[in-house]
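Participant: Before I ask anything, here is the structure I am working with.
The values are calculated or read from the model by the stated rules, or taken from the named source; none is laboratory data. None of these values were measured; they are calculated from a predicted model. Because the Cβ atoms are built from the backbone with ideal geometry, glycine has one as well, and the counts that use them run over all protein chains shown. Side chains included, ligands, DNA and RNA excluded: accessible areas come from the protein's heavy atoms. Shrake-Rupley method; radii C 1.70, N 1.55, O 1.52, S 1.80 Å.
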Amino acid sequence: MSPDRLVYMANQIGKFFEVQRSDETVPGIANHIKKFWDPRMRKAIFAYLDEGGDGLDPPVREALEQLKAEAQGRGRPTPETSFQGT
Amino acid sequence: MSLIQEIDYGTPRSKAAKSVSLTVDGVAVTVPEGTSIMRAAMEVGTQIPKLCATDMLDAFGSCRLCLVEIQGRAGTPASCTTPVMEGMVVHTQTDRLKRIRKGVMELYISDHPLDCLTCSANGDCELQDMAGAVGLREVRYGYDGEKHANPGVDTSNPYFTFDPSKCIVCSRCVRACEEVQGTFALTIAGRGFDSVVSPSMEESFLASECVSCGACVQACPTATLNEKSVIDIGTPEHSVVTTCAYCGVGCAFKAEMRGEEVVRMLPYKDGKANRGHSCVKGRFAFGYATHKDRVLKPMIRSKITDPWREVSWDEAIAYAASEFKRIQAKYGKGSVGGITSSRCTNEETFLVQKLVRAGFGNNNVDTCARVCHSPTGYGLKTTYGTSAGTQDFDSVEQSDVIMIIGANPTDGHPVFASRMKKRLRQGAKLIILDPRRIDMVRTPHIEADYHLPLKPGTNVAVVTSLAHVIVTEGLVNESFVRTRCDFDEFQDWAEFVARPEHSPEAVEKVSGVPAELIRGAARLYAKGGNGAIYYGLGVTEHSQGSTTVMAIANLAMATGNIGREGVGVNPLRGQNNVQGSCDMGSFPHEVSGYRHVSDDATRAMFEALWGVPLDAEPGLRIPNMIDAAVDGSFKGLYIQGEDILQSDPDTKHMAAGLAAMECVVVQDLFLVETTNYAHVFLPGSTFLEKNGTFTNAERRIQMVRKVMQPKNGYEDWQITQLLSNALGFPMHYNHPSEIMDEVAALTPTFAGVSFKKLDELGSVQWPCNANAPEGTPVMHINGFVRGKGKFVITEYVATDEKTGPRFPLLLTTGRILSQYNVGAQTRRTANVIWHEEDRLEIHPHDAEQRGVCDGDWVKLASRAGETSLRATITERVAPGVVYTTFHHPVTQANVVTTEFSDWATNCPEYKVTAVQVMPSNGPTQWQEEYEELSRASRQIAEPAVIAAE
């Protein structure tokens, strides 16, 4: 998957959650990507993150770091947020 | 089987709560106050003779046949126009009445051609019936008297004829056009014997404003207005109630048949979505089912450059299954997927997603709702807890203010538009947010109180600005918000929308909507009584589609316009079964009933019944599938009933994705554009050839009933079952009812749904379960499904699709009344007479600047691609905005649209594309190349000839 496209999509998600309650911004981004992105898309953006992750907005980067850690069995599970859209 | 004869009560049902008791011919009857004597009589089985009355129309009192005598009253009043009174004693048959009726009938018959035996309405003529009912045995004025005005038969409409010589001037057609359809295309011209029904200013039906809804034909008591199919075939002998397969209104029809031939489709009065009305598509455009272009034999080919080879079903299914298995073995489990269709039944979509999840073993399943209403699912689930509209269609009858956002109901949802227009004529107010001046802005007897002609892409700014006015001017329904919503979130939201940057004056700068219009519209919506919002793809198909849905939901909560009749948030769904396809678990992240695949308990339920483990990770959405195909990790796709090459955005990218796959299986009626890139073609069946259910925009589940054997040999669910069996995941359904039983067992909101219940009740609206055994017409009455309603901050983020010197105009796309989506069905009917080609609407100012005249060929170019089509110069679009439809593959409007999409759902941003328009001599090089590719890829090899020896 093209990293440019994935970065663009992730930042789009970030722009929505950036203006929500501050305690839901990063978990909101992380949850959205976890719930709606196919694993290969997540894997591709994690790889891009490992290469420096240029262009990722700060909260998006933070959310992806958390997700990656969770995927690798390191971090805590991404908490649920009040955004339960499907 | 026999012909279903619906009772005609003569006048509409009164909705009064108070009852009145009377006696009709000695029989006691109690009816609601306001009921006509005619209707009260029919309630006890007494059919008073009538000609100008029918229960679809208000009483008119012109034919003078329905006279009655009322004890204690002088004269012989018309029973259709006389309301019942307490204690009234009515006589419907007396010597005096008999004499009068015979006299009236003599007059009618003396002015009517007596060619009954060769008349197309023979046996289906109310004039004939009434002559019999009143015992007419002679006509004292002779049979060769002056005949009614006869300017000749008008055959201009492709579907019905108009023979004025047979007209009895009952005005039923004129009134149907006014009261039911709301077009006002007909009138009675002339007087006395010269009286004649006149479309527009004595024009032909085709040249008039008539929209061919068929209401006049249905209302006509004689053969004056008659379906051409009846004239050609004869009267039907049996009928079956089924559901239309066009838009999301979900009209119920009687398919009136002679053998296996459809004679006509008549709207069913008991249909709760359409209440006996129809549009030109559902009523007349069913001929595609028998069109010569239908491909009825399975075909395969190794490469997309090979000609197709007709094969047996066994060979086609075996080949498709082996290819999917080969691909998964080589590229991995996640390298294949499927697409369900919003044109197919609930049962069929459920099976496709089941095949993908259990047969393929992944969650790579998506549906065409991805490109239309997926933001509705996200937005309404987030705010209210349910991915669906809140009301039934009847609710509009209680609305005081109707707000239409990004929808064009008279074209996209015409039957519901007629109901809306009726309510508006009764006095409801109208607000429209749309870049175009759609018909509803100003149409006979209707004018929008506010039309906000916003710049494409600024929905969030404008809807948030409406909220600004509501909050800053103290128009919030605080008691509703405090009791029904999360008040902390409300306060955050109120603070957000009250900021100066959301004021109408500030938003005017980005949206182009004058501030006073935003203020006026907000005040009207908040203070005007029951406020109902209806929206369409002009809301969802944006990079902020989901945000706009949530902004709309915020508005309804802030004003308390949710949870009762007359209000609500109502997505007007595009295709017939968009709601159902989503309900059935067609999205890659959730199973039926909108439950995420990562939920262990839910998955366990499915795993127990299906006997296989299910993937807990979400799969690919359609655009992700195409990206992955281009990238090389997605290689096989099973597509049931969707033409993604024509309907999805950025055609070149889509073509590249499809071309990169090793096995594309298309199950469809025709060799649609996507089949250019397919390796297996499985012939599909039409809605006339299958059993099942559709779910319409109001969550109403309705029966689809087979009226003929599938011409391709199988119903679509059977084909999916064959494929699944060949893949090694056995399915053993004998009837779609068994599939619905499985859906009910696995889906809490469908727990009470069964074919038996649908047969008994006609339809039900989900949730239908132990809490609501007969369904749920209006949702969120005592509380939101999610608990407290959630206010969401809706920051406006301008789309990245910017105009500039190269592409200075904004293109928005949509559909028109006579055509449906990619046109695969409607282009194969006589509907093409109204729309032979896609046209580009352009404002006179923009046209003049470019030297473009009406009808000229123009090139339409964006950074994604270019196409050419002819221009229509109109002020329906604002300067700087152009508009086209996407019904014709020769235009391929989506070669111009881009990859931008909704942030939450990847729903494409069809409604905003920066373009340039310039004069052109004809098709572009791309169009010529595509046509050549298309021609080559549709070639079918001659069957091999086996020598006799």
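Participant: Take the Cα of B:Lys18, step 7 Å along the line toward its Cβ, and report every residue of region B:61-76 whose backbone nitrogen sits under 18 Å from that point.
Facilitator: Within reach of a label on B:Lys18, which here means backbone N under 18 Å from a point 7 Å along Cα→Cβ, region B:61-76 contributes nothing.
Participant: Please tell me which of these pairs span more than 22 angstrom C-alpha to C-alpha: B:Lys272/B:Lys706; A:Lys35/B:Lys790; A:Lys43/B:Lys381?
Facilitator: Too far apart for the 22 Å limit: A:Lys43/B:Lys381.
Participant: On to the next question. Could you run the numbers on buried accessible area between B and A, total for both chains, 1.4 angstrom probe, in Å² to the nearest 100?
Facilitator: 2900 Å²
Participant: Next up: May I have the pair-distance distribution P(r) for region B:1-136, computed from all Cα-Cα distances with 5 Å bins from 0 and rounded to whole percent?
Facilitator: 2, 10, 19, 22, 19, 13, 8, 4, 2, 0
Participant: Another one. Once you have the Cα-Cα distance between B:Val44 and B:Glu837, take 0.36 nm times their residue separation minus that, and quote the gain in nm to one decimal.
Facilitator: Using 0.36 nm per residue and subtracting the Cα-Cα distance, I get 280.2 nm.
Participant: Right, here's the next one. Give me the inter-chain shielding for B:902-909: mean count of other chain Cβ atoms within 10 Å, whole number please. Provide the component values of the computation, followed by the final result.
Facilitator: On the way: counts 1, 11, 8, 3, 3, 0, 0, 0.
Partner-chain Cβ atoms within 10 Å, mean over residues of B:902-909: 3.
Participant: Take the Cα gyration tensor of region B:562-713, multiply each eigenvalue by 5, square-root it, and list the three semi-axes largest first, rounded to whole angstrom.
Facilitator: Equivalent-ellipsoid dimensions as semi-axes: 27, 23, 18 Å.
Participant: Report the Stokes-Einstein translational diffusion coefficient (µm² s⁻¹, integer) for region B:485-599, Rh taken as the Kirkwood radius over Cα pairs, at 4 °C with viscosity 1.567 mPa s.
Facilitator: So the translational diffusion coefficient is about 78 µm²/s.
Participant: Given a Förster radius of 56 Å and the C-beta distance between B:Glu501 and B:Asn771 as r, what FRET efficiency does 1/(1 + (r/R0)^6) yield to the nearest 0.05?
Facilitator: It comes out at approximately 0.80.
Participant: Per residue of A:37-45, count partner chain C-beta atoms within 10 Å of its C-beta, then hand back the mean as an integer.
Facilitator: On the way: counts 8, 17, 7, 11, 6, 2, 0, 3, 0.
Across A:37-45, the average partner-chain Cβ count within 10 Å equals 6.
Participant: Quote the FRET efficiency, to the nearest 0.05, computed for B:Glu138 versus B:Lys756 with a Förster distance R0 of 60 Å and r equal to the Cβ-Cβ distance.
Facilitator: 0.65
Participant: Over all distinct Cα pairs, what is the inverse of the mean 1/r for region B:88-210, reported as the Kirkwood hydrodynamic radius in Å?
Facilitator: Roughly 16.2 Å, rounded to one decimal.
Participant: Is any residue of region B:726-743 close enough, with backbone N under 20 Å, to a label point placed 7 angstrom from the Cα of B:Lys333 along the Cα-Cβ axis, and if so, which?
Facilitator: B:726-731
Participant: For region B:439-541, run through the GluC sites (Glu not before Pro) and keep only the ones in DSSP coil with at most 14 other Cβ atoms within 10 Å of their Cβ.
Facilitator: Filter output for region B:439-541: B:Glu473.
Participant: Karplus couplings for region B:721-731 from phi (6.51 cos²θ - 1.76 cosθ + 1.60, θ = phi - 60°), rounded to Hz, Gly and Pro as x?
Facilitator: In residue order, the calculated couplings are 5, 4, 5, 4, 4, 5, 6, x, 10, x, 10 Hz.
Participant: So, one more: List residues of region B:421-440, by number, whose backbone nitrogen lies under 16 Å from a label position 7 Å along Cα→C-beta of B:Thr874.
Facilitator: B:434-440
Participant: Rounded to whole Å, give me the distance from the Cα center of region B:255-318 to that of region B:896-919.
Facilitator: Measuring centre to centre over Cα atoms gives 31 Å.
Participant: So, one more: With label points built 7 Å along Cα→Cβ from the Cα atoms of A:Glu51 and B:Arg73, find their separation and express it in nm.
Facilitator: In this crude spin-label approximation the distance works out to 8.6 nm.
Participant: Determine, at each q value in 0.05, 0.07, 0.08, 0.10 (inverse angstroms), the log₁₀ of I(q)/I(0) that the Debye formula gives when each Cα of the protein assembly as shown is one equal point scatterer.
Facilitator: Once normalised to I(0) and log-transformed, intensities are -0.32, -0.63, -0.82, -1.26.
Participant: Here's something else I'd like to know. Normalised radius of gyration for region A:3-71, please: alpha carbon Rg relative to 2.2 N^0.38 Å, two decimal places. Could the numbers behind the result be given before it?
Facilitator: On the way: Rg = 10.7 Å, N = 69, 2.2 N^0.38 = 11.0 Å.
With N residues counted in region A:3-71, Rg over 2.2 N^0.38 Å equals 0.97.
Participant: Across 10 Å bins from the origin, how do the percents of Cα pairs in region B:814-949 run, short distances first?
Facilitator: 11, 35, 33, 12, 5, 3, 1, 0
Participant: When the chain is fully extended, how far beyond the present Cα-Cα distance does B:Glu33 get from B:Val890, taking 0.36 nm per residue of separation?
Facilitator: Extra length from B:Glu33 to B:Val890 when fully extended: 302.7 nm.
Participant: Tell me the mean residue ellipticity at 222 nm calculated for chain B from its helices only (DSSP H runs of n ≥ 4, each -39500 (n - 2.57), averaged over every residue, nearest 500).
Facilitator: Details: 29 runs with 266 residues, N = 949.
Calculated at 222 nm, the ellipticity per residue is -8000 deg cm²/dmol.
Participant: Can you pull out the GluC sites (Glu not before Pro) in region B:1-93 that DSSP calls coil and that have at most 11 other Cβ atoms within 10 Å? Don't skip to the end; give the middle numbers.
Facilitator: Numbers: sites: B:Glu6, B:Glu33, B:Glu43, B:Glu69, B:Glu86; in loops: B:Glu6, B:Glu33, B:Glu86.
Within region B:1-93, the qualifying GluC sites (Glu not before Pro) (loop, at most 11 other Cβ atoms within 10 Å) are B:Glu86.
Participant: Turning to a different aspect of this structure: What distance in nm lies between label points placed 7 Å from Cα along the C-beta direction at B:Asp95 and B:Asp25?
Facilitator: 1.9 nm
Participant: B:Lys297: which lysines have alpha carbons under 18 Å from its alpha carbon, excluding same-chain residues fewer than 8 sequence positions away?
Facilitator: Reachable lysines: B:Lys690, B:Lys711.
Participant: Explain nothing, just compute: Karplus ³J(HN,Hα) = 6.51 cos²θ - 1.76 cosθ + 1.60, θ = phi - 60°, for every residue of region B:259-276 in order, whole Hz, x for Gly and Pro.
Facilitator: Whole-Hz 3J(HN,Hα) from phi for region B:259-276: x, 9, 9, 6, 7, 6, 10, 10, x, 8, 5, 7, x, 7, 7, 10, 6, x.
Participant: Something else about it: What length, rounded to one decimal in nm, is gained on full extension from B:Cys853 through to B:Glu6, with 0.36 nm per residue of separation minus their alpha-carbon distance?
Facilitator: My answer for the length gained is 299.7 nm.
Participant: Then there's this: Tell me the carbon and sulfur percent of the accessible area for region A:3-71, rounded to whole percent, probe radius 1.4 Å.
Facilitator: Roughly 51 percent, rounded to a whole number.
Participant: Averaged over peptide B:617-624, how many Cβ atoms belonging to another chain are found within 10 Å of each residue's Cβ? Spell out each step's value before the answer.
Facilitator: On the way: counts 7, 9, 4, 6, 4, 0, 2, 9.
Rounded to a whole number, the mean comes out at 5.
Participant: At a threshold of 8 angstrom on Cα-Cα distance, excluding pairs fewer than six apart, so keeping six or more, what relative contact order does chain B reach in percent?
Facilitator: Relative contact order for chain B comes out at 13 percent.
Participant: At what distance in angstrom do the alpha carbon centres of region B:350-381 and region B:483-501 lie from each other?
Facilitator: 33 Å
Participant: Over the Cα atoms of chain B, Rg to Rh with Kirkwood Rh, two decimal places?
Facilitator: 0.98
Participant: Follow-up question, since we're still on this one. Obtain the nm distance between the two label points defined at B:Asp129 and B:Ala604 by a simple spin-label model: each point lies 7 Å from its Cα along the Cα-to-C-beta direction.
Facilitator: With each label placed 7 Å out from Cα toward Cβ, I get 6.0 nm.
Participant: Give the residue list of trypsin sites (Lys or Arg not before Pro) in region B:536-640 that are DSSP loop and have at most 16 other beta-carbon atoms within 10 angstrom.
Facilitator: B:Arg564
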